Amino acid sequence: MTDDSFDDIRRAVQRRFGSAARLENIVVPTLGGSNRTVAFDLVEGAARRRLVSRQETYVAPNSPFLPSDDQFRLLQVAFAHRIPVPEPVFAYEADDGAGHGFVTAFVGGETMPNRILGDAGFAAVRPRLAAQAGAIFAALHAIDPAEVDFLARYADSDDPIAAQRARLDSYDEAHPAIELGLRWLERHRPPPGPRCFLHGDLRTGNFIAGADGIAAVLDWECSHLGAGAEDLGWLCTRSWRFGRVELPVGGFGHRADLFAAYEAAGGARIDLDAVRYWEIFGLVRWAVLNVMQAHGHVFGGRRGLPFAACGRNTSVIEYDLLMTLAGRYD
């Protein structure tokens, strides 16, 4: 890329920080394929601050992801309540000519699952991650849903099972295993209870791990209102263990540590059956998301090897779903 490739970000920065503000040390990470992600130093005279820009690159009528403006609002709420998130700096506006997106402070650390779960440098951190996640969930679920009441207009807040079915139907593909999973979910719904502010996608790969554990929670595009057990079950879903099936919480911890920390930090008493239900829901939802990504590669103008690979990954998730429903997987 040439320096001109970042003129849109530069203009947006100078609109807020003055024409003398400069962008230096610009890096485009290899991750963040669902958005254009750019890290850079904001230089104002002798002051220097590391920032990250995220801009939408793909929008579809049936997208399950929140608009970036709403994601930025959620970051502001989470940051105000001391949830570990990158500090929100500004959201892009129409006059910026940079599309939809936002800029946050940079948080150092690691996001790659295989490094977090396998590198010796994280050996001392891994045993603490489950309890840290439990405490983060408890703090998030304690936030008054009225502060994020705009989430109520999204399908996942209304009925997450119906939302998955509607998305699957929109792709017009036959997936009997997913249909079986949806039918199971419809027939085994837990009793309704209080609705919480949910992250919706907190799992290995969507947080930054540092020397002390979870340094920042990322990727708020799936947030909605719902049962707190849904967030817990999602983190325990088999797909996020990355082969480390003996550690059901994200491939790094045990359910008992997650649940104990959640309750100790003020979270509601854990219903093990409800969490199990939401783990199965997680497999169904993740399968539907992979159908979406593969469909976008073939029909939606979003071509790329990672998206194409989601087509094969769908069958792997369907197998895990069937084995779980059959009682052969924990």
Point to revise | Gain upon complete extension [Ala326, Ala268; 0.36 nm per residue less C-alpha separation] | key: 17.9 nm
**Study point:** Whole-number Å³ per residue for the convex hull built on Cα positions in the range 164-289
**Key:** 123
Check your understanding: Ratio of Rg to Rh for the chain, alpha carbon only, Kirkwood?
Key -> 0.96
Check your understanding: In Å, the Kirkwood hydrodynamic radius of the range 37-180 over pairs of distinct alpha carbons?
Key -> 18.6
Exercise for review: Just report the Cα centroid separation between the range 39-103 and the range 107-161, whole Å.
Suggested key: 18
Check your understanding: In Å², what does the accessible area per residue of the chain work out to with a 1.4 Å probe?
Key -> 46
**Study point:** Net lengthening on full extension, Ala166/Ala20 (0.36 nm per residue, minus Cα-Cα)
**Key:** 47.6 nm
Review point. Which length gain, in nm to one decimal place, applies between Leu305 and His254 when the Cα-Cα distance is subtracted from 0.36 nm times their residue separation?
Key: 15.0 nm
Revision key, fill the gap. Output ordering of 11-19, 223-231 (per-residue mean of other Cβ within 10 Å, highest first) is 223-231, 11-19
Review point. Order of 47-55, 120-128 by packing, highest average Cβ count within 10 Å first?
Key: 47-55, 120-128
**Study point:** Accessible area of the range 1-148 belonging to carbon and sulfur atoms, whole % at 1.4 Å probe
**Key:** 52
**Study point:** Euclidean distance of C-alpha centroids, the range 199-222 and the range 243-314, integer Å
**Key:** 13
Practice item. Kindly provide log₁₀ I(q)/I(0) values, in the same order as q = 0.13, 0.20, 0.21 Å⁻¹, from the Debye equation applied to equal alpha-carbon scatterers of the range 1-88. Key: -0.53, -1.13, -1.20
Review point. Under DSSP H, which helices of the chain have Cα atoms covering 27 Å or more of the helix axis and a Kyte-Doolittle average no less than -1.0?
Key: 272-299, 305-325
Revision key, fill the gap. Spelling it out for Ala216: with amide H atoms placed in the peptide plane at 1.01 Å from N, the residues 5 or more places away or on another chain with amide H under 5 Å from its amide H are Ile208
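The values are calculated or read from the model by the stated rules, or taken from the named source; none is laboratory data. Note that this is a predicted model, so its numbers are computed, not measured. Note: ideal-geometry Cβ built from the backbone for every residue, glycine included; neighbour counts use all protein chains shown. Each accessible area value is taken on the protein alone, full model and side chains, heavy atoms only, with ligands, DNA and RNA left out. Shrake-Rupley method; radii C 1.70, N 1.55, O 1.52, S 1.80 Å.
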